[in-house]
Amino acid sequence: MRPRFAAPALAILALQCAAPLEHFYPDTYFPADGVYQNKSLRFSLTFRGGWRLTTDPRDMRGASRNFARELQERHAELLFAGTTVEGNQGVRGIAANLNIPYNEYADRIREINREDVHEDLGITETIIDGIPMVRWDYTVSGFRFVEFFFVLDTYNVRIAFWTRPAIFERFESVYLDIMSSLDFISRY
C-alpha cells in the first residue's frame, strides 16, 4: 500500500527540481513617472496612463510566469509584463540575443505563431522617432495585438500591446506614443 502523501510530495519535488527563472537583463519600472528602464540593454520607454509592470520574471505569476519560463528555454527573456490599472489592456517586452535584422526576427515570430493567429493584418516596416522597426498587427481569441520589433546592438527586442478591438481603436495612438518614447540610455 502506497502512503497518501506520495503524490503531493512528488509534485513538490518536481517543482523544486525545475530550473529557477533567471533575470538576465535587470530592469526597473518607476510607476510614479511611468518609466521603464533597462540599463543592461540600454533603453527606456515611458508609459502614458496608468500601467502596472512586473520586470523580474521571478516575481511574475500565472501565465506570465509560465511564458517567462518557456522563453528562457528558448534563450530569450520576458523583460516585462503588465496591464493598465483597469486591467483591460496588456503589454509585454521580450529580448533575445539573436543578432538578426528586425524584419527577419518579425518574420520568424510570425511563423512560430501562425496557428494561433486568427487574423493576420500584416507586417509594416516603419520608423518611429528615427528608429527603424517592424510593426505587426493581428488578432488572437478576440484580442487585437500590435507588436513592434527593433534591434539594440545584438539584441532583438519586441514590444506587444493588446486589448479588445473597440478599446484598441481608442488607444492605438497611446501605444504609438509609448513606442515613440523609446530612448537609448547609458549602462551607467
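The values are calculated or read from the model by the stated rules, or taken from the named source; none is laboratory data. Remember, it's a predicted structure, so these values are computed and weren't measured experimentally. Heads up, the Cβs are rebuilt from the backbone with ideal geometry, glycines too, and the neighbour counts pull from every protein chain shown. Protein only, heavy atoms only, side chains kept; ligands, DNA and RNA dropped before computing areas. Shrake-Rupley method; radii C 1.70, N 1.55, O 1.52, S 1.80 Å.
Residue count for the range 126-142 satisfying the condition of being under 15 Å from E104 (Cβ atoms) and of a type in the set (F, W, Y): 1. Being in contact with a Leu (Cβ under 7 Å, 6 or more places away or on another chain) and open to solvent by 70 Å² or more (accessible area, probe 1.4 Å) holds for only one residue in R42, R48, and it is R42.
To keep it simple, each residue is scored yes or no on (1) without any contact (Cβ under 8 Å) to a residue 24 or more places away in the chain; (2) open to solvent by 40 Å² or more (accessible area, probe 1.4 Å); (3) of a type in the set (D, E, K, R); (4) farther than 16 Å from S44 by Cβ.
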| site | (1), (2), (3), (4) |
| --- | --- |
| T124 | yes, yes, no, yes |
| G130 | yes, yes, no, no |
| D137 | yes, no, yes, yes |
| L152 | no, no, no, no |
| I167 | no, no, no, yes |
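In the range 53-71 there is at least one residue matching the filter, namely being surrounded by 16 or more Cβ atoms within 10 Å (Cβ to Cβ), in a loop (DSSP other than H, G, I, E, B) and in contact with a strand residue (DSSP E or B) (Cβ under 7 Å, 6 or more places away or on another chain).
If V85 meets every condition in (1) open to solvent by 40 Å² or more (accessible area, probe 1.4 Å); (2) in contact with a Lys or Arg (Cβ under 9 Å, 6 or more places away or on another chain); (3) in contact (Cβ under 8 Å) with a residue 60 or more places away in the chain apart from one, which number is that one? Among (1) open to solvent by 40 Å² or more (accessible area, probe 1.4 Å); (2) in contact with a Lys or Arg (Cβ under 9 Å, 6 or more places away or on another chain); (3) in contact (Cβ under 8 Å) with a residue 60 or more places away in the chain, the lone unmet condition for V85 is (3). Within the range 17-29, identify whether any single residue is part of a helix (DSSP H, G or I) and at pLDDT below 90, and answer yes or no. Taking every residue of the range 17-29 in turn, at least one turns out to be part of a helix (DSSP H, G or I) and at pLDDT below 90.
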